[in-house]
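Since the structure comes first, as structure tokens, the remarks are kept for the end.
The values are calculated or read from the model by the stated rules, or taken from the named source; none is laboratory data. All of these numbers come straight from a predicted model, not from anything done at the bench. Here the Cβ is made from the backbone with ideal geometry for all residues, glycine too, and neighbour counts use every protein chain on show.
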Amino acid sequence: MKLSAQEFRDKEHKSITLLGMSGVGKTFLSNILRKSDWFHYSGDYRIGTRYLNEPILDNIKIKAMQVPFLRDLLRSDSIYINNNITIDNLDVVSTFLGKLGDPEKGGLPLEEFKHRQRLFKEAELAAMRDVPEFIRKARQIYGFNHFINDAGGSICELDDDKLMDMLAENTVFLYIQANEEDEKRLIARAKSSPKPMYYRADFLDEQLAIYMAENNLEYVAMIDPDEFVRWVFPRLFYSRIPRYEAIAKKYGYTIKTKDLYKIKDEADFLALVENALDEQAG
């Protein structure tokens, strides 16, 4: 929703959706606001605990069934497997997404990789559609006045105008814009510790073809999973920036990471948002 700084200040119940790549500070900010009267809604947590819980557990069970000792215990119902996902530990979601490439190095075949990508997209759409209901729950059940939607970095890849319209009707979009130093840090982090990512289907097809040609690879199974993530991450990062900017321009506002990391408490955050609303309204 578009508001003036005064309108935002006067709202009894404030709701915000954060945009930006993983690592720019969305969860850092959400954790600060959790100490005040803000309900922290993590899109990735909702994905892992609600919409991908069963596929995640099935994937773990498949791995466990390959170990004779665990297989016998599972078949006799002597043990059960559950995930221990938390807002601060979303590793099981990443593990399920997986990486593309050589199975000997932990990679997935292309068909299975794309299947998991589709499941993740459907789960993220569903998690974001839940936002209005959780705004209601946060207030009526838990007694929180305000709501922060800590959206995943891939929200800009969903290409669902109705979803964006709905989120804009219920929340203020706030895009956290990384500076050049942050961009280098995030890219360096991806290279040193390559993590599974969601890729828009046409982006994946395009970049995979380029990577295969550049490296003279005939089969996807020849790809080193980590090397592909290291190679593709900067391309993914810079492809997402104009998408974030377009959402912010149409629906919301932009703040910069250099200002974000100066925030110590709720009052600092509210002042930063009001200043952004004033500046961009002018």
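Before moving on, here are some points about what is shown:
- Test for Ile16: is it on the phi < 0 side of the Ramachandran plot, of a type in the set (A, V, I, L, M, F, W, C) and part of a helix (DSSP H, G or I): no
- Counting only helices (runs of 4 or more DSSP H) that sit wholly inside the range 37-131, those with at least 3 residues that are at pLDDT 95 or above and in contact with a Phe, Trp or Tyr (Cβ under 7 Å, 6 or more places away or on another chain) are 110-129.
- Test: Tyr80 is of a type in the set (Ser, Thr, Tyr) and touching a strand residue (DSSP E or B) at 6+ places or on another chain (Cβ under 9 Å): no
- Condition met for Phe173 (touching a Ser or Thr at 6+ places or on another chain (Cβ under 6 Å) and surrounded by 18 or more Cβ atoms within 10 Å (Cβ to Cβ)): yes
- Residue in the range 144-160 that is farthest from Ala276 (Cα to Cα), counting only those that are of a type in the set (S, T, N, Q) and buried (at least 19 other Cβ atoms within 10 Å of the Cβ): Ser154
- Residues that are crowded, with 22+ Cβ neighbours inside 10 Å and of a type in the set (Val, Ile, Thr), drawn from the range 23-55: Val24, Ile47
- Elements of type helices (runs of 4 or more DSSP H) contained in the range 190-279, each with 1 or more residues being more than 30 Å from Phe8 (Cα to Cα) and hydrophobic (A, V, I, L, M, F, W, C): 201-214, 225-251
- Among (1) in contact (Cβ under 8 Å) with a residue 24 or more places away in the chain; (2) of a type in the set (A, V, I, L, M); (3) surrounded by fewer than 20 Cβ atoms within 10 Å (Cβ to Cβ) - the single one Ile141 does not satisfy: (1)
- Residue match in the range 35-48 (condition: in contact with an Asp or Glu (Cβ under 9 Å, 6 or more places away or on another chain), closer than 18 Å to Lys137 by Cα and of a type in the set (A, V, I, L, M, F, W, C)): yes
- Lone unmet requirement of (1) in contact with a helix residue (DSSP H, G or I) (Cβ under 8 Å, 6 or more places away or on another chain); (2) surrounded by 20 or more Cβ atoms within 10 Å (Cβ to Cβ) for Ile263: (2)
- Taken over the range 223-256, the criterion of being surrounded by 20 or more Cβ atoms within 10 Å (Cβ to Cβ) and among the hydroxyl-bearing types (Ser, Thr, Tyr) is satisfied by Tyr244, Tyr251, Tyr253.
- Across the range 204-216, the number of residues qualifying as without any contact (Cβ under 8 Å) to a residue 40 or more places away in the chain and surrounded by 16 or more Cβ atoms within 10 Å (Cβ to Cβ) comes to 3.
- Those residues of the range 160-181 which are among the aliphatic types (A, V, I, L, M), under 17 Å from Arg243 (Cβ atoms) and touching a residue at least 40 places away in the same chain (Cβ under 8 Å), in sequence order: Met164, Leu167, Ala168, Leu174, Ile176, Ala178
- Residue that is surrounded by 15 or more Cβ atoms within 10 Å (Cβ to Cβ), of a type in the set (A, V, I, L, M, F, W, C) and under 30 Å from Arg9 (Cα atoms), where the choices are Leu119, Leu110, Leu163: Leu163
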